[in-house]
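Following: one structure in structure tokens, then a few remarks.
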Amino acid sequence: GDGLPEGTGQVIPDIFPNGPDTPTEPMATFSYYRLVGTAFNIRASTTTFAYSSNGCVYQTGGTDTRFMAPLLIPQDSTIKYLRLYYNDTSTTADIIAWITRYQPGVTNEDLTSVTSTGSSGYGTTLSSEITHTVDLVNWAYTIIIGPGLSTVANSFCGARVAYFSPSASAAYLPLIKNP
């Protein structure tokens, strides 16, 4: 499913096998990492938020307008897309989501972002395609959502990251034989 209420009539593009998103590694499998809006944490203790419905939350106060959640996907996975799920009825601000990687205490880098569009309520939007290989040795990965306004009109319902898992053969230790 696309995470939208039944009867919304929106067509969401899918990733097709053997298309431009096919990994070069023959054993890689396409996977998703999905988080509902309630899984995101506030970035500052002064930020307040409330639950609206369907896993959606919105900011009610505070000066830090960012919510974060860890992106927990396997080492050497290839990240392809970020999808944002939202209930945006605001005519003055949109909701933004990012995938950001950090070298804790050193630096950070935004890998991709996506923005809610319009003010028609429940929706979903897909980022541009990226090709980023996950490096957990040097980086920590997060999904960040910025609601734009402290109002129920800017509720975020979650995010989904599409990625190729590394091949199963790479996940196991080599066979050890006794002499």
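The values are calculated or read from the model by the stated rules, or taken from the named source; none is laboratory data. Since the model is a prediction, treat every value here as computed from it, not as a measurement. Cβ atoms come from the backbone with ideal geometry, glycine included; neighbour counts cover every protein chain shown. SASA here: full protein model, heavy atoms, side chains in, ligands and nucleic acids out. Shrake-Rupley method; radii C 1.70, N 1.55, O 1.52, S 1.80 Å.
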Counting only residues that are at pLDDT 90 or above and in contact with a Lys or Arg (Cβ under 9 Å, 6 or more places away or on another chain), which one in the stretch 29-39 is most open to solvent (accessible area, probe 1.4 Å)? 34
Residue in the stretch 19-28 that is at pLDDT below 95, in contact with a strand residue (DSSP E or B) (Cβ under 7 Å, 6 or more places away or on another chain), among the hydrophobic types (A, V, I, L, M, F, W, C) and not in a loop (DSSP other than H, G, I, E, B) present: no
Suppose we filter the stretch 105-136 for residues that are open to solvent by 70 Å² or more (accessible area, probe 1.4 Å) and either modelled with pLDDT under 95 or over 21 Å from residue 166 (Cα atoms) (or both); how many remain? 8
Those residues of the stretch 43-54 which are closer than 23 Å to residue 71 by Cα, in contact with a strand residue (DSSP E or B) (Cβ under 6 Å, 6 or more places away or on another chain) and open to solvent by less than 60 Å² (accessible area, probe 1.4 Å), in sequence order: 50
Assess whether residue 92 counts as being buried (at least 18 other Cβ atoms within 10 Å of the Cβ), hydroxyl-bearing (Ser, Thr, Tyr) and in contact with a Leu (Cβ under 8 Å, 6 or more places away or on another chain). no
Does residue 102 count as in contact with an Asp or Glu (Cβ under 7 Å, 6 or more places away or on another chain), over 20 Å from residue 149 (Cβ atoms) and surrounded by 13 or more Cβ atoms within 10 Å (Cβ to Cβ)? no
Of all residues in the stretch 81-119, count the ones that are in contact with a Ser or Thr (Cβ under 7 Å, 6 or more places away or on another chain) and basic (Lys, Arg). 1
